[in-house]
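Colleague: Mind having a look at this structure? Questions to follow.
The values are calculated or read from the model by the stated rules, or taken from the named source; none is laboratory data. Just so we're clear, the structure is a prediction, and the values are computed from it rather than from any experiment. Using ideal geometry, Cβ is built from the backbone for each residue, glycine included, and neighbour counts are taken over all protein chains shown. Just so you know, the surface numbers come from the protein's heavy atoms only, side chains and all, with ligands and any DNA or RNA stripped out. Shrake-Rupley method; radii C 1.70, N 1.55, O 1.52, S 1.80 Å.
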Amino acid sequence: MSRDLWFPSGMTVVLTIVGEALAVGMGKSLFPIAAAEEATIVDEAFQTLTILAIPVFAVVFTFLVYSVLRFRRRGQALEDGSPIHVHRPLVGAWLLVTTGLAVTVMIFPGATGLAKVRSAANLPPDLVVRVEGMQWGWKVIYPDKGVSTSQELVLPVGRRVKVEVISKDVVHSFWVPAFRVKIDAVPGMVTTVSFTPSRVGSYQEDPGFRVQCAELCGTGHTVMVIPVRVVEQEEFERWLVAQSQRT
Amino acid sequence: MAAHPSAIGWVPRPRLFINRVGLWLFILSESFLFGAALSSRYYLQGAERPPEVNQLLGLAITTVLLASSLSAYRAEMSAAHGHLSGLLRNLAATIALGLLFLIGVGVEWHEAFIYFPPADPYGTVFFTTTGLHAFHVLTGVIALSIVLYLGRDGRFTHGNYWGVEGAVKYWHFVDVAWVFIYPTLYLVR
Amino acid sequence: MEQRGLAAALRRGRWVFVALMVLTVVEFILLWLNIPRILFRFLLLVINGVDAGLILYYFMHIAQLWRKEA
Amino acid sequence: MAGSSVAKDVGLRALLPLVKGFLFGVVGFLAGSGLVAGVRALMGQDPWKLGPLLVVGYIFGLVGWLLGVGMWDYWVREWFGLSRKEEPSAGWGRFFRFCTDHKVIGVQYLVTFMVVLLLGGLLAVGMRVELMTPGRTIMGPGTYNTLMSLHGILMIAVAVAIIIGGFANFLVPLMIGCEEIAFPRINALSYWLIPPVAVLLLATPLMGGFETGWTAYPPLAVTNPRGELLFLLAFITFGFSSILGGLNFLTTIITLRAPGMTWFRLPIFVWSILAAAMISLTATQFVGFSLLTDVLDRVAGTSFYNSTQGGKPLLFQHLFWFYSHPAVYIMILPAFGIVLEVVSHLARKPLFAYRWVAGSFLGIVGLSFIVWAHHLFTSGMDERLHLPFMVTTELISIPTGMVFLAGLGTLWMGRLQLNTPMLFALGFFFNFLIGGITGIYLADVPTDLHFQDSYFVVSHFHYTIMGGEIFALLAATYYWFPKITGRMFSERLGRLHFWWMFVTYNLTFIPMFWTGLHGMPRRVADYPATLADTNWWVSVFAFLLAASFLVFVWNMVYSWVRGPVASANPWQARTLEWLTSSPPPHGNFPREPEVVGSPYDYGIPGAVHAVVGAAAGASNGE
């Protein structure tokens, strides 16, 4: 009897340690390129959830596999198992642990991560960009600079950007995988998202640098993509000037 | 109503109770439909309401519908006490009041088309909600008419009048729905 | 006997109808009084709740469900 | 059997109701659309506007179809005091006509939706062919969208209806010991609403397809081609059918339990159906209304979602998910019931923490109504709603965890028979564990900001619905196959099917978490070249996964026709459905069963669940 408890418990611990070592060891290599401060928050939340999930998986998995191997029927005759209907302390402990886990993920990384992601939105932005979604393309407008383009989204590195997203026809969604930000473009509404690009990069370097429509919007949904380019402030200024001359 | 004759050794099932539970569950389900319509009104419009809503007509059709509920109740009670002529008279009155209500809604629609057509934000919720309700009134009128037709043949006795009870309960439910629709569309601000 | 039961039931129905009408007219009158919006909405909710309760209890006999008489 | 004369209906004549239904349907359609054209012409409007013609024509056609297929004969005639036509109580013709026997309807549902499942699977194969390599592979993006949307709605329909419509119809009356469901004719009606749904959905490509996915978000659903309208009408019809189903099961379970069948003697599968039926009875009205608003915006010129007129597209998302999130519990609660049932009977051990599980089911029902907005974290809704909906969503992990404890606790110290149904039940626990854990990533707002509408979501819900519900469905199919058909399936092919499917299933969907994390949005026909290798492998395994169903179909079809005859109780299980013959006779039991104990008292000498006929003394005691 005691062996039936100690062996799978030991295996659970081993599996958990291996799993956690893998999760922590692989660390950033698991994630796609992260090019905004918000991306780090999201990735950390992901990592926290993984660290919490591994023991849960390990417990259920080892006890499931152990039961199958240990308690399978041997021989042909049908036998009944032990008539255990319920084990109140176990049910209580299980409820306590699952409730504890649920509350944990609500607070950390849930509420704390949410607060961190929002903190950028509560500060005044360095740059406001207006993005219009339409079937099927994006139009990027820099209202203060009098510049607009449908070719690419260019942003300066290290500056807090506030993107105001609108839609001209149906629901679209503004998603830049490298920034881990997403907000729907809804007709009749202005939705906003704030973030701070943290590294220079471009679509050629990594496809994470793209504005991707994430909400099904019709035939051209798949190709509703424009590249994103994060550049140094001086280059950004030069680009703005070049753009305004072109128009 | 039982589909199969009970085999030997089966306790007969309480058919009336089964029917009642089923009907009440259906009413519960339908109340979610009206809940969806009413919550859409508040989501789209808040509590706003154009001044052209015809208050007197609203009060009038509400009265008609409440009165029809009374006559429906009288019909059911008459059936329960085996009072056939009372049943038929009150059923006919209920159907007539129901039709009067529908005419009232028709007049209202005619006016509303001018002040807030269906493409207008308020018109959207007004026409959808009253249309949904009028459709239920119409089905209720049809159900009551079938009951009236059967009642004339003396199909309902004071121990067996589920047809009357079912149709009347449904009619009352349509009335309850209106009790919430009326202030939502006409009064709230 | 039978007829007396019916008469009592019909009388009860009339009273319920009168109550419903009074509540509706109260709603209607409240509309024209200049009471605060929050209070007005709250009163409407209460009145409608009472309306629905009256119909459910007296007209639709909801109590049949737990008083298994069938 | 009560009557000695068994009416039989064989030969092609048995198909007559279908022909009649079809003809009545066509007549109804012409009458309805003619009526609209006439009224519009009288009002001085263009009589040939397609939208109103289709909608009203369809409603009339639907009524015509139902009357023709059997409602007139078995239903309306009685209203008018005419004699009701007798329906046959034996013969294969019953499966092709309006029949009120719950066992026939169960089989009708099962077979119909198995076919739809395979069809949806074929569409998925088509999608994976397109996604095998980046760029255009075999089809344009419009075709891909229609294919994907059809796959979505067909599989959602399967997931919602196959267990409740199929197994619950067949089993609930047997398990609670009654002879027929509460409203047999409404039950038949809810099945016969399905063929028009299938016809409409399969006709959508002819009308220009529909590209909104099964979620039908406006304004896209308002501006999309005509195929969209057919899809909306089909979905509304399907919702109506599912409401009637829920109504029937709730009434049956509340009122028709056999003497002695108290609430805590109900098999857990019945509890799960009770819980699922509560949701489908109520929440479905919301999706019906939301789709109706789409239709009205298209056809009647209202402006629910026309933002230039003050409409609000987000309203639809709230209404839609108020049903469609609870809908996943309509799918998964019966699956919980099935696996716990199978695990208890095949491990020959009492179901662990039975009352807690029943309570958890009701807890899930309650919570399911207050979590919908977690689908809207990136939709631009009020940000103050994010935290509360995250909290309620994550609370659902507590009752769900109880199901896992019950499963593990039942296996522990049991005597497991590792046969095909048990393997699928175990596979359920593994897959649903992954599906459940990844759900937390989507419920937590910070991670959801990245994962919303990505392949991570695709993989997550395939883990819960396919890895969860479909595995439970297959467990149920193998477990109850002898009861339904009276024959035994091939155990060897069954195990082959399980291992083949389990391995290829996981290899198909695990990589999708990775592609989602790396920025692949869902519902696209193309992706960046960096994801090409992963997608190629996913496609290969998806084809192998699809091929595993060939084994399943062969096993089912061959065994149904040629398999060895099964005994009344091949698993030596204790619930009531095994106490009657396989397949059960018309009327289910020779005498009314009397329930005297729990269905799960394994290992207790002398414990009895039920007695069928005191005189006969047939019981399942030791």
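Colleague: I'm trying to understand the selection: among the residues of region D:593-616, which are out of contact with any Lys or Arg (no Cβ under 9 Å at 6 or more places or on another chain) and either at pLDDT 95 or above or open to solvent by less than 20 Å² (accessible area, probe 1.4 Å) (or both)?
Modeller: D:Pro593
Colleague: Consider region D:243-261. How many of its residues are outside any helix (DSSP H, G or I) and surrounded by fewer than 24 Cβ atoms within 10 Å (Cβ to Cβ)?
Modeller: Of all residues in region D:243-261, those outside any helix (DSSP H, G or I) come to D:256-261.
Still in the list and also surrounded by fewer than 24 Cβ atoms within 10 Å (Cβ to Cβ): D:256-260.
Qualifying residue count, region D:243-261: 5.
Colleague: Evaluate the following for A:Ala111: is it more than 10 Å from chain D (Cβ to nearest Cβ), among the hydrophobic types (A, V, I, L, M, F, W, C) and either free of Cβ contacts under 8 Å to residues at least 40 places away in the same chain or touching a Lys or Arg at 6+ places or on another chain (Cβ under 8 Å) (or both)?
Modeller: Considered against the rule, which asks whether it is more than 10 Å from chain D (Cβ to nearest Cβ), among the hydrophobic types (A, V, I, L, M, F, W, C) and either free of Cβ contacts under 8 Å to residues at least 40 places away in the same chain or touching a Lys or Arg at 6+ places or on another chain (Cβ under 8 Å) (or both), A:Ala111 comes out as no.
Colleague: I'd like the residue in region A:66-80 that is over 18 Å from D:Tyr602 (Cα atoms) and aliphatic (A, V, I, L, M) and, out of all such residues, is surrounded by the fewest Cβ atoms within 10 Å (Cβ to Cβ). Steps first, please.
Modeller: Residues of region A:66-80 over 18 Å from D:Tyr602 (Cα atoms): A:66, A:68-70, A:75.
With the extra rule that they be aliphatic (A, V, I, L, M), the set shrinks to A:68-69.
Working: A:Val68: 16, A:Leu69: 11.
Looking at the filtered set, the residue picked out is A:Leu69.
Colleague: Give me a count of the residues in region B:144-164 that are modelled with pLDDT under 95, in a helix (DSSP H, G or I) and not hydroxyl-bearing (Ser, Thr, Tyr).
Modeller: Looking only at that region, the number is 9.
Colleague: Then there is this: Out of region D:380-398, which residues are closer than 15 Å to D:Ser368 by Cβ, open to solvent by less than 20 Å² (accessible area, probe 1.4 Å) and within 7 Å of another protein chain (Cβ to nearest Cβ)?
Modeller: If the condition is that a residue be closer than 15 Å to D:Ser368 by Cβ, open to solvent by less than 20 Å² (accessible area, probe 1.4 Å) and within 7 Å of another protein chain (Cβ to nearest Cβ), then D:Glu394 is the only one that fits.
Colleague: Run A:Arg118 past the list (1) within 11 Å of chain D (Cβ to nearest Cβ); (2) surrounded by 18 or more Cβ atoms within 10 Å (Cβ to Cβ); (3) closer than 16 Å to A:Val163 by Cβ and report the number of the one that doesn't hold.
Modeller: So the condition that A:Arg118 fails would be (2).
Colleague: Turning to a different aspect of this structure: Can you confirm whether C:Ile47 is open to solvent by less than 40 Å² (accessible area, probe 1.4 Å) and within 18 Å of the chain's Cα centre (by Cα)?
Modeller: yes
Colleague: Another question, if that's okay. Got at least one residue in region D:100-109 being open to solvent by 10 Å² or more (accessible area, probe 1.4 Å), within 14 Å of chain A (Cβ to nearest Cβ), of a type outside the set (S, T, N, Q) and under 17 Å from the mean Cα position of the chain (by Cα)?
Modeller: No.
Colleague: While we're on this one: Pull up region D:557-591, narrow it to residues that are of a type in the set (Val, Ile, Thr) and open to solvent by less than 70 Å² (accessible area, probe 1.4 Å), then point me to the one that is nearest to D:Ala347 (Cα to Cα).
Modeller: Filtering region D:557-591 for residues of a type in the set (Val, Ile, Thr) gives D:557, D:561, D:565, D:575, D:580.
So of that shortlist, the ones also open to solvent by less than 70 Å² (accessible area, probe 1.4 Å) come out as D:575, D:580.
Details: D:Thr575: 14, D:Thr580: 22 Å.
Top of the filtered list is D:Thr575.
Colleague: I've got another one for you. Restricting to region A:164-195, what's the tally of residues that are more than 7 Å from every other protein chain (Cβ to nearest Cβ), open to solvent by less than 10 Å² (accessible area, probe 1.4 Å) and not aromatic (Phe, Trp, Tyr)?
Modeller: Within region A:164-195, residues that are more than 7 Å from every other protein chain (Cβ to nearest Cβ), open to solvent by less than 10 Å² (accessible area, probe 1.4 Å) and not aromatic (Phe, Trp, Tyr) number 5.
Colleague: So which of A:Pro143, A:Pro207 is out of contact with any helix residue (DSSP H, G or I) (no Cβ under 9 Å at 6 or more places or on another chain) and open to solvent by 20 Å² or more (accessible area, probe 1.4 Å)? So that I can check it myself, show each step before the final result.
Modeller: Details: A:Pro207 fails: out of contact with any helix residue (DSSP H, G or I) (no Cβ under 9 Å at 6 or more places or on another chain).
Result: A:Pro143 is the single residue among A:Pro143, A:Pro207 that is out of contact with any helix residue (DSSP H, G or I) (no Cβ under 9 Å at 6 or more places or on another chain) and open to solvent by 20 Å² or more (accessible area, probe 1.4 Å).
Colleague: Inside region D:476-530, can you point out the residues that are surrounded by fewer than 18 Cβ atoms within 10 Å (Cβ to Cβ), within 30 Å of A:Ser29 (Cα to Cα) and either away from chain A (no Cβ under 14 Å) or out of contact with any Pro (no Cβ under 9 Å at 6 or more places or on another chain) (or both)?
Modeller: D:Val503, D:Leu507, D:Ile510, D:Trp514
Matching residues to (1) touching a Cys at 6+ places or on another chain (Cβ under 8 Å); (2) modelled with pLDDT under 95:
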residue: A:Thr149; (1), (2): no, yes
residue: A:Val171; (1), (2): yes, no
residue: A:Ala185; (1), (2): no, no
residue: A:Gly218; (1), (2): no, yes
residue: A:Thr222; (1), (2): no, yes
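Residue-by-condition table, conditions (1) assigned to a helix (DSSP H, G or I); (2) at pLDDT 95 or above:
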| position | (1), (2) |
| --- | --- |
| D:Arg84 | no, no |
| D:Phe95 | yes, no |
| D:Gly121 | yes, yes |
| D:Val125 | yes, yes |
| D:Thr133 | no, no |
| D:Thr137 | no, no |
| D:Thr143 | yes, no |
| D:Thr146 | yes, no |
| D:His151 | yes, yes |
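Colleague: Output the residue which, of all residues in region D:262-273 that are out of contact with any Gly (no Cβ under 6 Å at 6 or more places or on another chain) and open to solvent by less than 10 Å² (accessible area, probe 1.4 Å), is farthest from D:Val160 (Cα to Cα). Write out each step before concluding.
Modeller: Start the filter on region D:262-273 by keeping residues that are out of contact with any Gly (no Cβ under 6 Å at 6 or more places or on another chain), which leaves D:262-267, D:270-271, D:273.
Imposing the further condition that a residue be open to solvent by less than 10 Å² (accessible area, probe 1.4 Å) reduces the set to D:266-267, D:270, D:273.
Values: D:Leu266: 22, D:Pro267: 21, D:Val270: 16, D:Ile273: 12 Å.
Ranking the qualifying residues of region D:262-273, first place goes to D:Leu266.
Colleague: Now, a different point. Report every pair of residues separated by at least 6 positions or lying on different chains whose Cβ atoms are under 6 Å apart, first residue within region D:20-43 and surrounded by 14 or more Cβ atoms within 10 Å (Cβ to Cβ), second part of a loop (DSSP other than H, G, I, E, B).
Modeller: The qualifying pairs are D:Ala37/D:Pro47; D:Arg40/D:Pro47.
Colleague: Pairs please, first residue from region D:309-331 and within 11 Å of another protein chain (Cβ to nearest Cβ), second anywhere and acidic (Asp, Glu) and open to solvent by 10 Å² or more (accessible area, probe 1.4 Å), Cβ atoms under 9 Å, 6+ apart in sequence or on different chains.
Modeller: Filtered contacts from region D:309-331: D:Gln309/B:Asp120; D:Gly310/B:Asp120; D:Gly311/D:Asp297.
Colleague: So in region A:47-59, with the set limited to residues that are open to solvent by 20 Å² or more (accessible area, probe 1.4 Å) and among the hydrophobic types (A, V, I, L, M, F, W, C), which one is farthest from D:Leu433 (Cα to Cα)? Steps first, please.
Modeller: To start, the set of residues in region A:47-59 that are open to solvent by 20 Å² or more (accessible area, probe 1.4 Å) comprises A:47-48, A:50-52, A:54-57, A:59.
Filter once more, so that each one left must be among the hydrophobic types (A, V, I, L, M, F, W, C): A:51-52, A:54, A:56-57, A:59.
Working: A:Ile51: 16, A:Leu52: 14, A:Ile54: 11, A:Val56: 9, A:Phe57: 7, A:Val59: 11 Å.
Looking at the filtered set, the residue picked out is A:Ile51.
Colleague: Please verify whether region D:230-241 includes one or more residues that are within 14 Å of chain A (Cβ to nearest Cβ), crowded, with 24+ Cβ neighbours inside 10 Å and not in a helix (DSSP H, G or I).
Modeller: There is no residue in region D:230-241 that is within 14 Å of chain A (Cβ to nearest Cβ), crowded, with 24+ Cβ neighbours inside 10 Å and not in a helix (DSSP H, G or I).
Colleague: In region D:333-363, what count of residues is obtained for those that are open to solvent by less than 10 Å² (accessible area, probe 1.4 Å) and more than 20 Å from D:Arg574 (Cα to Cα)?
Modeller: 2
Colleague: Taking region D:282-307 as the search range and keeping residues that are under 13 Å from B:Glu30 (Cα atoms) and among the small types (Gly, Ala, Ser), which one is least open to solvent (accessible area, probe 1.4 Å)? Give the steps one after another, and end with the answer.
Modeller: Step one: of region D:282-307, the residues under 13 Å from B:Glu30 (Cα atoms) are D:282-289.
Those still in the list that are among the small types (Gly, Ala, Ser) too: D:283, D:288.
On the way: D:Ala283: 0, D:Gly288: 22 Å².
So, considering only residues that are under 13 Å from B:Glu30 (Cα atoms) and among the small types (Gly, Ala, Ser), the one least open to solvent (accessible area, probe 1.4 Å) is D:Ala283.
Colleague: I've got another one for you. Let me spell it out: the conditions are (1) among the hydrophobic types (A, V, I, L, M, F, W, C); (2) touching a residue at least 40 places away in the same chain (Cβ under 8 Å); (3) within 12 Å of chain D (Cβ to nearest Cβ), and B:Leu144 meets all of them except one. Which number is the exception?
Modeller: In the conditions (1) among the hydrophobic types (A, V, I, L, M, F, W, C); (2) touching a residue at least 40 places away in the same chain (Cβ under 8 Å); (3) within 12 Å of chain D (Cβ to nearest Cβ), B:Leu144 misses (3) alone.
Colleague: Inside region A:1-34, can you point out the residues that are within 30 Å of A:Arg160 (Cβ to Cβ), open to solvent by less than 50 Å² (accessible area, probe 1.4 Å) and either modelled with pLDDT of 95 or more or not in a loop (DSSP other than H, G, I, E, B) (or both)? Walk me through it before giving the result.
Modeller: Taking region A:1-34 first, the residues within 30 Å of A:Arg160 (Cβ to Cβ) are A:27-34.
Right, trim to open to solvent by less than 50 Å² (accessible area, probe 1.4 Å) and you get A:27, A:31-34.
The one that is within 30 Å of A:Arg160 (Cβ to Cβ), open to solvent by less than 50 Å² (accessible area, probe 1.4 Å) and either modelled with pLDDT of 95 or more or not in a loop (DSSP other than H, G, I, E, B) (or both): A:Gly27.
Colleague: Then there is this: Looking only at strands (runs of 3 or more DSSP E) that lie completely in region A:150-222, which have at least 2 residues being of a type outside the set (Asp, Glu) and touching an Asp or Glu at 6+ places or on another chain (Cβ under 6 Å)?
Modeller: Numbers: elements: A:153-156, A:161-167, A:172-176, A:181-185, A:191-195, A:210-213.
It comes to A:172-176, A:191-195.
Colleague: When you look at C:Val16, is it open to solvent by 40 Å² or more (accessible area, probe 1.4 Å), more than 7 Å from chain B (Cβ to nearest Cβ) and either not aromatic (Phe, Trp, Tyr) or not in a helix (DSSP H, G or I) (or both), yes or no? Spell out how you get there, then give the answer.
Modeller: Numbers: open to solvent by 40 Å² or more (accessible area, probe 1.4 Å): no; more than 7 Å from chain B (Cβ to nearest Cβ): yes; either not aromatic (Phe, Trp, Tyr) or not in a helix (DSSP H, G or I) (or both): yes.
Criteria not met by C:Val16.
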